[in-house]
Amino acid sequence: MSTTTLTLTEPQAAAAVQPDIGYHPVEAKWRARTARRLAEDPSLPNTSLPDGFPAQVSGPIVWGGGDWKSEDQWVYNLSEEELQEIDYGMRHFKGKDTFPLATLSPVLKDFAKELYSGRGFFVLRTIPIAKYTTEELAIIYAGISSHVGSARGKQDGTGAVLAHIKDLTVSHAHEKGGIGNSAYTTDKQVFHTDVGDLIALMALETAAEGGTSRISSGGKIYNELAATRPDLVKTLSEPWPLDSFGGDPGYTTRPLLYHVPVNGESKIVFQYSRRHFTGYGPQKRSANIPPITEAQAEALDAIHFLAEKHSLGLNFQKGDIQYINSLGLLHARDEFRDSPEKTRHLVRLWLRNDELAWKTPGPLQGIWTRLYSIAPEDQRFPLDPEIRRKASGKTK
């Protein structure tokens, strides 16, 4: 009598796939995803906040765009005497490598405190751009900023600490790896944060149309999420797969949301750029790394649309220098149009004030150490626009 042996196998689980989400948030998709997820699990809004995360945060860096009535509240107009002092500092630097600002330095140090302990942003108005050469403007920009932040961060693998933010889609169309960052296009930049503590941006020229700079309080966004969707706070506080776009390793993991104690208060820190989860332009999200989840896709859109809801638009003028706390604030930029007469061109520094700095969240400490460990003699200040590169030469 013959016997037959049956072997039972477990059905294979379906492979995880990337959600339907792109670099540019689509509000209808976000609302549909939210409705679908809440219908599938109505208990999501009852999720407990992660350990240590406060129910709400407060302080001057927690604000809504409607709280501000006039740009006089954040713009400091440089006097003729202060501009003469800056001019002297630039000429002094050419001979002695220091940039003295006898009367302006205490003002800038107070503004540095405003970045870390106050509203988190201010604008200096305005440097007379036409008066100086490109090299002199770089000296002025770095010299003024050295009185705000004591450390400059490197912006790529080549040691550049100065970055040019402008449309490079034509002039640099040949770049290896393509232009995978909307900063180098005329496209809208969605809300995100840069790495490092502080961002400085100086406007060498503004666009013919559009290009408004927008900022939004991370604490304000957090408070609304914590009150209405604590499950998304939990999602944001857990590890995410960040695409390194051909780097080694191919991806890294870390949370996007942190809380840090500062003088007895909790500060909320968002640290992310959307393109690391969606790709941008020719730089598609890598196929061989873990996809994000539906919860993470909803969280990405929630951050963006809440940031838009509470945002403040800054009237960037030629010669302005804008300083932002990138730990406590998110920023974005509107789409813009250049003309032969007006081509938007900003230059950027990443700064840190070691005396005033917040404690760096543990998962970010390695990034911050690499960022600010570049010695002065190894710092490059490119005077012509270039795209940031990895050490391998590929574009970032």
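The values are calculated or read from the model by the stated rules, or taken from the named source; none is laboratory data. These numbers come from a predicted model, not from an experiment. All Cβ positions, even for glycine, are placed from backbone atoms using ideal geometry, and neighbour counts span all protein chains on display. In case anyone asks, the SASA skips ligands and DNA or RNA and just uses the protein heavy atoms, side chains included. Shrake-Rupley method; radii C 1.70, N 1.55, O 1.52, S 1.80 Å.
Things worth noting here:
- Candidates ALA297, ALA302, ALA307, filtered to the one that is under 23 Å from GLY118 (Cβ atoms), among the aliphatic types (A, V, I, L, M) and part of a helix (DSSP H, G or I): ALA307
- Filtered residue count, the stretch 104-115, keeping only those that are over 17 Å from ILE127 (Cβ atoms) and in contact (Cβ under 8 Å) with a residue 12 or more places away in the chain: 4
- Residues in the stretch 104-156 that are charged (D, E, K, R) and within 19 Å of the chain's Cα centre (by Cα) were compared, and the one that is nearest to GLY328 (Cα to Cα) is ARG119.
- Flag if GLN84 is open to solvent by 70 Å² or more (accessible area, probe 1.4 Å), within 30 Å of ASN223 (Cα to Cα), modelled with pLDDT of 95 or more and not small (Gly, Ala, Ser): no
Rundown of residues vs (1) closer than 30 Å to SER117 by Cα; (2) open to solvent by 30 Å² or more (accessible area, probe 1.4 Å), yes/no style:
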| residue | (1), (2) |
| --- | --- |
| GLY313 | yes, yes |
| ILE324 | yes, no |
| LEU327 | yes, no |
| ARG333 | yes, no |
| THR343 | no, yes |
| ARG380 | no, yes |
| ASP384 | no, yes |
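- Check on LYS318, in a loop (DSSP other than H, G, I, E, B), modelled with pLDDT of 95 or more, closer than 28 Å to SER217 by Cβ and open to solvent by 30 Å² or more (accessible area, probe 1.4 Å): yes
- Tally of residues being open to solvent by 30 Å² or more (accessible area, probe 1.4 Å) and more than 18 Å from the chain's Cα centre (by Cα) across the stretch 254-266: 5
- Selection within the stretch 267-284 - within 19 Å of PRO19 (Cα to Cα) and open to solvent by less than 60 Å² (accessible area, probe 1.4 Å): TYR272, SER273, ARG274, ARG275, HIS276, PHE277, THR278, GLY279, TYR280, GLY281, GLN283
- The requirement of being surrounded by fewer than 22 Cβ atoms within 10 Å (Cβ to Cβ), of a type in the set (S, T, N, Q), touching an Asp or Glu at 6+ places or on another chain (Cβ under 6 Å) and touching a residue at least 24 places away in the same chain (Cβ under 8 Å) is not satisfied by THR158.
- Take the conditions (1) closer than 23 Å to GLU377 by Cα; (2) modelled with pLDDT of 95 or more; (3) open to solvent by 80 Å² or more (accessible area, probe 1.4 Å); LYS96 misses just one of them, which is (2).
- When the stretch 157-175 is limited to residues that are assigned to a loop (DSSP other than H, G, I, E, B) and in contact with a helix residue (DSSP H, G or I) (Cβ under 6 Å, 6 or more places away or on another chain), the one that is modelled with the highest pLDDT turns out to be GLY159.
- Of all the criteria given as (1) charged (D, E, K, R); (2) over 19 Å from ILE221 (Cα atoms); (3) open to solvent by 50 Å² or more (accessible area, probe 1.4 Å), the one not satisfied by GLU27 is (2).
- Scan the stretch 139-155 for residues that are open to solvent by 20 Å² or more (accessible area, probe 1.4 Å) and either aliphatic (A, V, I, L, M) or over 25 Å from PRO106 (Cα atoms) (or both) and the total you get is 2.
- Of the residues making up the stretch 346-376, just one is part of a strand (DSSP E or B) and either touching a Cys at 6+ places or on another chain (Cβ under 7 Å) or open to solvent by 30 Å² or more (accessible area, probe 1.4 Å) (or both), namely ARG352.
- Unmet requirement for LEU383, which otherwise passes all of (1) under 24 Å from ASP243 (Cα atoms); (2) more than 20 Å from the chain's Cα centre (by Cα): (1)
- Among the residues listed as GLY218, GLY178, GLY210, the single one being open to solvent by less than 20 Å² (accessible area, probe 1.4 Å) and at pLDDT 90 or above: GLY218
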